[in-house]
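Read-outs: derived from the displayed coordinates by stated rules, not from any lab. The shown structure was predicted, so the numbers you read here are calculated from the model rather than taken from an experiment. Cβ: placed from backbone, ideal geometry, glycine included. Neighbour counts: every protein chain shown.
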Amino acid sequence: MILKHSLVEGEIIEIKPFIFAAIIKDKYDRSMVFCRYQEYYESPFPEIRGNSFSLEEYMRIYSKRNKKDTFTYPVDWSGYNVPSNVLMEARKKFEGSLNDYDLVMDDMISYCNRESKFRNYGETHPWYLIGVDKLKSSIINHEIAHGLYYTNLNYKVEMDYHTSSILLKDSISLRKHLIKVGYVNDGKILDDEIQAYMSTGKLHSWSDTIYKKYSKEFVNTFKKYNK
């Protein structure tokens with residue numbers, strides 16, 4: 001699907017069964033299209049996550065909470081990933097206050113929903129939408145890991161087993177660093193992030209020793225499913 005909007009240029013490609021990539025080269029536009037939906041899903045700000053809010057409200061909160069003079073979200077984040085149930089829920093919450101970027105997302109949701117039903121013989125099936133600049137992006141595997149975790153139960157079971165095998169003191173360290181860089185303190189979200197970083201490249205602030213101790217099993221499982 002080619003995105004045909006005055007603000008945003010790009011396309012959507014199904015890169016794995018039920019995993020769709022929105023390829024938007026412009027970093028600012030990619031960020032603004034995904035912002036409300038990504039933050040509805042996993043914002044660390046309790047007044048934002050799971051609630052209805054305008055883009056302007058979020059820009060103000062993000063800037064003030066991070067003690068910055070400007071809205072740096074498009075600079076701070078590059079890749080985006082949101083499961084279909086969250087997108088559908090957020091779409092309903094935001095329907096009375098759509099902006100131009102929401103119209104782009106609305107088209108993407110409709111397309112992915114339609115294509116996932118077609119692939120599943122007309123029946124609803126969970127799908128995943130990721131946002132990247134190109135298919136050979138340095139972050140593409142990280143976002144695919146999130147998509148597999150949501151759409152492939154066998155993958156999720158194996159990754160959860162690996163995560164549960166991490167020693168408590170090491171698990172606490174990994175989670176503290178994720179929260180520190182901006183991820184919400186939610187067990188399910190952090191489990192997802194741990195498997196994605198462990199399998200495709202560590203978070204910059206994680207201990208090299210801890211990463212090397214556990215990453216091999218995660219990497220092998222990711223390679224098995226990411227054929």
(request) Have a look at Tyr80, Leu148, Asn51 and report the one farthest towards the positive end of the charge dipole of region 1-151, computed about the Cα centre with Cβ charges (Lys/Arg +1, Asp/Glu -1). (result) Leu148
(message) What distance in nm separates the two pseudo spin-label positions at Lys156 and Asp170, each 7 Å out from Cα along the beta-carbon direction?
(response) 2.5
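Apply 1/(1 + (r/R0)^6) to the Cβ-Cβ distance of Asp106 and Asn220, taking R0 = 45 Å, and write down the FRET efficiency to the nearest 0.05. The partial results should precede the final answer.
On the way: r = 39 Å, r/R0 = 0.86.
Computed FRET efficiency for Asp106 and Asn220 comes out at 0.70.
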(request) Within the set of other residues whose C-beta is less than 12 Å from the C-beta of Thr70, count the net charge using Lys and Arg as +1 and Asp and Glu as -1. (result) +2
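In what order do Leu174, Leu55 fall by count of nearby beta-carbon atoms within 10 Å, going from fewest to most?
Values: Leu174 24, Leu55 18.
In increasing order of surrounding Cβ atoms, one gets Leu55, Leu174.
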(request) Determine the relative contact order of region 44-142: mean sequence separation of Cα pairs under 8 Å and six or more apart, normalised by residue count, in whole percent. (result) 31
(message) Run through region 53-108 and list the GluC sites (Glu not before Pro) located in a DSSP loop whose Cβ has at most 14 other Cβ atoms within 10 Å.
(response) Glu95
(message) Calculate log10 I(q)/I(0) of the chain for q = 0.09, 0.13, 0.14 Å⁻¹, where I(q) comes from the Debye formula with a single equal point scatterer on each Cα and nothing for solvent.
(response) -0.36, -0.78, -0.91
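Full-extension gain between Arg65 and Lys134, please, as 0.36 nm times their residue separation minus the C-alpha to C-alpha distance. Working shown, then result.
On the way: separation 69, 0.36 × 69 = 24.84 nm, distance 3.08 nm.
That pair, Arg65 and Lys134, stretches by 21.8 nm at full extension.
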(request) Take the Cβ-Cβ distance between Thr72 and Leu98 as r, set R0 to 25 Å, and report the resulting FRET efficiency rounded to the nearest 0.05. (result) 0.55
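Add -39500 (n - 2.57) for each DSSP H run of 4 or more in the chain, then divide by its residues: what number comes out at 222 nm, to the nearest 500 deg cm²/dmol?
Theoretical 222 nm ellipticity from helices: -18500 deg cm²/dmol.
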